[in-house]
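The values are calculated or read from the model by the stated rules, or taken from the named source; none is laboratory data. Please read these numbers as outputs of a predicted model, since none were measured by experiment. All Cβ positions, even for glycine, are placed from backbone atoms using ideal geometry, and neighbour counts span all protein chains on display.
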There are 2 protein chains.
Amino acid sequence: MALIVHKYGGTSMGSVERIKHVATRVAKWHRAGHRLVVVPSAMSGETNRLIGLAREIHALPDPRELDMLACTGEQVSVGLLAIALKAIGVDAVSYAGWQVPIRTDDAYTKARITGIDTDKVNADLDEGRVVVITGFQGVDSRGNVTTLGRGGSDTSAVAVAAALKADECLIYTDVDGVYTTDPRIVTEARRLDRITFEEMLEMASLGSKVLQIRSVEFAGKYQVKTRVLSSLSPPDMDLAEETQSGTLITFEEDEAMEQAVISGIAFNRDEAKITLTRVPDRPGVAYAILGPVADANIDVDMIIQNQSQDGSTDFSFTVHRNEYDRALAVLRERVLADVHAKDVLGDSKIAKVSVVGIGMRSHVGIASLMFKTLSAEGINIQMISTSEIKISVVIEDKYMELAVRALHKAFGLEQAV
Amino acid sequence: MALIVHKYGGTSMGSVERIKHVATRVAKWHRAGHRLVVVPSAMSGETNRLIGLAREIHALPDPRELDMLACTGEQVSVGLLAIALKAIGVDAVSYAGWQVPIRTDDAYTKARITGIDTDKVNADLDEGRVVVITGFQGVDSRGNVTTLGRGGSDTSAVAVAAALKADECLIYTDVDGVYTTDPRIVTEARRLDRITFEEMLEMASLGSKVLQIRSVEFAGKYQVKTRVLSSLSPPDMDLAEETQSGTLITFEEDEAMEQAVISGIAFNRDEAKITLTRVPDRPGVAYAILGPVADANIDVDMIIQNQSQDGSTDFSFTVHRNEYDRALAVLRERVLADVHAKDVLGDSKIAKVSVVGIGMRSHVGIASLMFKTLSAEGINIQMISTSEIKISVVIEDKYMELAVRALHKAFGLEQAV
């Protein structure tokens with residue numbers, strides 16, 4: 001008998017029929033003798049609908065009130081799921097974030113979990129109940145409702161699993177696991193049985209949308225055994241089979257893992273590139289450029305500064321495409337003259353492609369195989385950035401699919417290791 | 001500077017545009033120097049949509065979970081209204097029932113308010129904020145969410161006004177006050193400037209849908225000065241004029257009131273009539289008939305038992321039309337043989353028409369004028385029931401509009417007193 005946390009996304013909760021499917025699946029686990037906690041998201045589209053109403057009233061709604069509003073979708077979901085469970089004879093009880101409580105700081109719309117009380121939940125589990133807890137929401141120390149930001153239900157589920165010391169956290173979603181890359185781009189893309197926490201973190205941060213990055217950080221910090229699996233499989237499928245399906249995020253680099261040099265290819269088109277040309281190279285220049293950008297609340301991803309030539313250098317970085325225009329304006333108004341750069345150039349037609357793999361640590365030649373592969377396809381590399389377990393390149397966005405397919409093949413990802 | 005509670009119904013909160021109108025109106029009161037608490041309902045249709053989802057899953061959803069679900073519409077409303085207020089420069093804060101808290105018993109879906117904490121609300125009012133509180137919902141002693149039943153937001157508003165010792169509770173609705181009868185039936189129907197609490201109670205219980213009956217009971221018990229007025233008037237209308245508009249529910253029978261013998265004509269088609277014929281008249285027979293009906297959770301309204309003839313009597317009563325078939329079944333299966341009655345007869349094609357007026361206490365001849373008027377129109381009276389301030393008759397339902405119009409004219413209700 002294990003303590004299991006299930007998380008279901010908005011698509012899985014998207015209709016009355018689908019909620020009944022979720023109930024059937026949860027009932028199967030419960031009847032097998034497991035202690036079950038379920039964290040559902042709002043029905044698909046609901047959170048956007050609510051935020052849309054607020055934006056019709058004001059372009060920048062008050063964040064506390066926005067959270068009051070936006071969190072209701074999850075409360076609807078827990079009520080409906082508990083009703084569906086009771087309807088098939090499974091005793092269940094639902095809790096909103098403040099009822100558990102799931103404590104957070106007061107950073108409305110992007111709050112961070114600071115603690116979760118487990119007494120009430122454990123008492124219900126002892127009574128044989130399935131406990132259904134709202135994802136996405138919490139409560140601050142003064143009793144205000146908070147939300148965790150987009151995809152926050154993943155984080156709620158992993159955090160609940162950590163607090164309860166659950167045996168496993170199962171993230172049911174509309175894909176059946178983590179793939180070597182997006183199957184819509186590379187038909188040979190292969191589902192991974194396992195992926196290490198570090199790799200998953202890189203995949204998530206590089207734009208693979210399977211799990212919210214904060215949930216992966218949480219899983220890593222508290223060593224929560226987390227599995228990504230399909231909510232679209234038959235809800236009455238064999239339990240032993242379901243237990244082995246999907247992709248498990250592991251914390252050990254086991255024998256088998258060692259041989260997989262690269263686990264996957266991640267990519268995104270969400271960024272834009274900005275370059276200040278001929279910046280006189282002096283101490284503090286990076287801060288002089290990026291300080292005003294940070295002050296404007298614009299996140300910067302890749303940063304490249306080359307060895308200077310003749311006392312000046314080109315300084316490049318990437319920002320989210322949504323903030324590209326604002327970033328250019330900040331640089332032109334508040335940075336260009338100040339740092340005595342020649343010009344500000346920008347390009348929003350870029351893509352970032354990354355190879356990720358824990359095996360990279362102990363293997364040489366990954367970078368050179370990557371660059372050779374792109375070169376053979378005639379793809380020019382504009383920027384390079386590396387971490388211990390990933391190499392990212394920025395290229396012209398029209399080559400993105402070609403690059404992903406070529407790299408997937410070059411690293412032999414279509415074959416199971 | 002007064003402390004004023006505003007309540008807005010679902011129609012008044014029915015769209016983003018209407019919510020902005022509500023904010024404009026509240027801002028006008030606030031800027032005039034009043035302390036403002038606002039209790040909005042869910043956007044029109046929302047509560048039905050939520051309950052509909054639950055019923056798609058199970059015909060009789062678990063009541064605790066139904067409340068968890070159904071109360072979210074009000075939370076959306078308070079969030080949106082607070083956003084709308086802040087958008088026009090009025091500091092505002094929203095609270096769900098559990099945050100105030102509004103304490104109730106644990107009778108899910110029809111909970112009763114047991115107490116309201118005022119510390120938090122008063123602190124916000126002291127800071128100059130408008131406080132927006134969810135209608136319809138509360139929290140029980142174990143921290144479960146409860147709802148007050150249909151129309152519960154009226155009760156929430158009056159209860160909040162009572163707890164805060166507000167100077168007045170203004171119920172903004174889609175009619176501009178309480179009328180002598182429904183203007184859709186009698187075009188000469190006249191809006192009353194004032195109505196006593198007792199009359200309002202009778203009007204509400206007799207099917208006039210302006211205010212939920214429990215809110216009127218609450219207003220009476222705690223002597224809350226309550227006014228029903230239009231949410232459709234221009235939100236920037238002159239404040240002094242608005243203050244005098246609509247209908248005030250009073251607790252004094254003042255000079256002017258004394259002269260109004262009858263305040264209004266109420267009616268409904270919600271009931272059905274059941275008669276047991278030739279019931280042997282013996283002590284305990286009424287209980288033998290109505291006990292099983294009550295056990296089946298069926299509410300009984302009018303009850304008529306005539307003087308017996310030859311040791312037997314006809315026993316009639318009315319039930320809600322939705323429960324008519326069930327009541328008939330209970331009587332046939334569990335009562336008929338037991339009380340040795342001859343037969344059970346039923347009629348669902350009936351209407352109840354009532355004249356209501358505090359002046360009736362000190363005037364004779366009201367009943368005879370009522371019966372004479374109906375007789376002159378050839379309308380047969382099937383049942384009669386009276387209280388100190390109302391006379392109700394049951395008639396064939398097709399005569400209802402005719403009866404209402406004839407009585408409205410006979411009692412001279414089209415003329416202001």
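Which number in (1) under 19 Å from B:ASP106 (Cα atoms); (2) without any contact (Cβ under 8 Å) to a residue 24 or more places away in the chain marks the one condition that B:ASP67 misses?
The failed condition is (2).
Quick one: which of B:VAL285, B:VAL330 is hydrophobic (A, V, I, L, M, F, W, C), farther than 15 Å from B:ILE384 by Cα and modelled with pLDDT of 90 or more?
Being hydrophobic (A, V, I, L, M, F, W, C), farther than 15 Å from B:ILE384 by Cα and modelled with pLDDT of 90 or more holds for just one of B:VAL285, B:VAL330, which is B:VAL330.
Residue check: is A:GLY33 in a loop (DSSP other than H, G, I, E, B), out of contact with any Leu (no Cβ under 8 Å at 6 or more places or on another chain) and either at positive phi or of a type in the set (Lys, Arg) (or both)?
Yes, satisfied.
Looking only at region A:1-25, filter to residues that are of a type in the set (Ser, Thr, Tyr) and outside any helix (DSSP H, G or I); which one of those is surrounded by the fewest Cβ atoms within 10 Å (Cβ to Cβ)?
The residue in question is A:SER15.
Looking at (1) in contact (Cβ under 8 Å) with a residue 60 or more places away in the chain; (2) within 30 Å of B:GLY79 (Cα to Cα); (3) touching a strand residue (DSSP E or B) at 6+ places or on another chain (Cβ under 7 Å); (4) charged (D, E, K, R), find the lone condition where A:GLU202 falls short.
Single failed check for A:GLU202: (2).
May I ask you to verify whether B:ARG269 is in contact with a strand residue (DSSP E or B) (Cβ under 6 Å, 6 or more places away or on another chain) and surrounded by fewer than 18 Cβ atoms within 10 Å (Cβ to Cβ)?
For B:ARG269, the condition - in contact with a strand residue (DSSP E or B) (Cβ under 6 Å, 6 or more places away or on another chain) and surrounded by fewer than 18 Cβ atoms within 10 Å (Cβ to Cβ) - is met.
In region B:52-71, is there at least one residue being under 27 Å from B:GLU168 (Cα atoms) and at pLDDT 95 or above?
Yes, that holds for at least one residue.
Scan B:LEU53, B:LEU66, B:LEU81 and give me the residue that is farther than 22 Å from B:GLU242 by Cα and surrounded by 23 or more Cβ atoms within 10 Å (Cβ to Cβ).
Exactly one residue qualifies, and that residue is B:LEU66.
Among the aliphatic types (A, V, I, L, M), in the same structural domain as A:TYR399 (by TED's automatic domain parsing) and closer than 27 Å to A:ILE262 by Cα, is that true of A:VAL353?
Against the criterion (among the aliphatic types (A, V, I, L, M), in the same structural domain as A:TYR399 (by TED's automatic domain parsing) and closer than 27 Å to A:ILE262 by Cα), A:VAL353 qualifies.
Take residues that are at the interface with chain B (Cβ under 8 Å from one of its Cβ atoms) and within 28 Å of A:HIS21 (Cβ to Cβ) and tell me which of the strands (runs of 3 or more DSSP E) falling wholly in region A:36-140 contain 1 or more.
Correct list: A:92-95.
Here's the yes/no breakdown for (1) at pLDDT below 95; (2) in the same structural domain as A:ARG25 (by TED's automatic domain parsing); (3) closer than 21 Å to A:GLY359 by Cα; (4) assigned to a loop (DSSP other than H, G, I, E, B):
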site	(1), (2), (3), (4)
A:PRO183	yes, no, no, yes
A:VAL186	yes, no, no, yes
A:ILE195	yes, no, yes, no
A:ALA204	yes, no, yes, no
A:ARG214	yes, yes, no, no
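Taking A:GLY135, is it in contact (Cβ under 8 Å) with a residue 60 or more places away in the chain and touching a Pro at 6+ places or on another chain (Cβ under 8 Å)?
yes
How many residues does region B:373-404 hold that are out of contact with any strand residue (DSSP E or B) (no Cβ under 8 Å at 6 or more places or on another chain), among the polar types (S, T, N, Q) and either at pLDDT 90 or above or over 17 Å from B:GLY357 (Cα atoms) (or both)?
2
Search region B:166-202 for residues being among the acidic types (Asp, Glu) and in contact with a Gly (Cβ under 7 Å, 6 or more places away or on another chain), and hand back the single one that is farthest from B:VAL404 (Cα to Cα).
Across region B:166-202, the extreme among qualifying residues is B:ASP174.
Sort out which residues of region B:197-226 are surrounded by 24 or more Cβ atoms within 10 Å (Cβ to Cβ) and over 13 Å from the mean Cα position of the chain (by Cα), and write them in order of number.
Hits for region B:197-226 are B:VAL224, B:THR226.
Considering every residue within region A:263-284, establish whether at least one is farther than 30 Å from A:ILE195 by Cβ and of a type in the set (Gly, Ala, Ser).
Yes, region A:263-284 contains a residue that is farther than 30 Å from A:ILE195 by Cβ and of a type in the set (Gly, Ala, Ser).
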